[in-house]
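Heads up, the thing below is written out as structure tokens.
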């Protein structure tokens with residue numbers, strides 16, 4: 001399931017250690033299902049690769065999953081696909097939906113109720129990529145594994 005460096009037998013720093021894809025149903029429980037998939041994915045990474053996942057990154061991953069899947073369900077008809085990928089440095093949350101319209105963050109407005117999802121994702125993510133596809137679009141939020149609140153500057157394997 002993980003990527004390996006050619007001839008070295010170990011993962012490169014930016015190679016995906018693990019990837020998983022999920023087709024999400026359009027019912028009301030799909031957002032909670034997506035969050036559960038994210039937690040299970042991070043737990044599996046920790047178990048299989050002994051990679052330290054800071055609590056902040058776990059929480060932000062669930063938040064970003066919630067926001068991106070909510071937006072996809074709200075604004076795009078049809079299926080929603082989610083892929084989770086992880087390197088030694090970052091977690092990618094990728095959500096595909098069938099609407100080709102590229103979302104645009106709205107100007108800050110403390111009086112506005114709702115429609116803050118993309119603003120939240122931009123604030124939480126290290127990088128945000130939005131790509132139009134032949135059908136629909138793909139939104140990728142990259143979350144750093146380092147926890148700026150601690151003295152760690154990068155994710156580290158557990159001993």
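The values are calculated or read from the model by the stated rules, or taken from the named source; none is laboratory data. Note that this is a predicted model, so its numbers are computed, not measured. Positions of Cβ are generated from backbone atoms using ideal geometry, with glycine treated the same way; all protein chains shown enter the neighbour counts.
A quick yes/no check of all residues on (1) within 25 Å of residue 15 (Cα to Cα); (2) part of a loop (DSSP other than H, G, I, E, B):
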site: 78; (1), (2): no, yes
site: 81; (1), (2): yes, no
site: 84; (1), (2): yes, no
site: 88; (1), (2): yes, yes
site: 92; (1), (2): yes, no
site: 99; (1), (2): no, yes
site: 111; (1), (2): no, yes
site: 114; (1), (2): no, yes
site: 120; (1), (2): no, no
* Exactly one condition in (1) within 13 Å of the chain's Cα centre (by Cα); (2) in contact (Cβ under 8 Å) with a residue 40 or more places away in the chain is not met by residue 79; state its number. => (1)
* **Per-region count, the range 77-96, residues at pLDDT below 95 and buried (at least 19 other Cβ atoms within 10 Å of the Cβ)** => 1
* Would you mind telling me which numbered condition in (1) buried (at least 17 other Cβ atoms within 10 Å of the Cβ); (2) touching a strand residue (DSSP E or B) at 6+ places or on another chain (Cβ under 6 Å); (3) under 24 Å from residue 25 (Cβ atoms); (4) touching a residue at least 40 places away in the same chain (Cβ under 8 Å) residue 71 fails? => (2)
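Within the range 1-51, take every residue that is part of a helix (DSSP H, G or I) and touching a helix residue (DSSP H, G or I) at 6+ places or on another chain (Cβ under 7 Å) and give me the one that is modelled with the lowest pLDDT. Steps first, please.
Step one: of the range 1-51, the residues part of a helix (DSSP H, G or I) are 30-49.
Adding the requirement that they be touching a helix residue (DSSP H, G or I) at 6+ places or on another chain (Cβ under 7 Å) leaves 30-31, 34-35, 38-39, 42.
Values: 30: 90, 31: 93, 34: 96, 35: 97, 38: 98, 39: 98, 42: 98.
Here the residue is 30.
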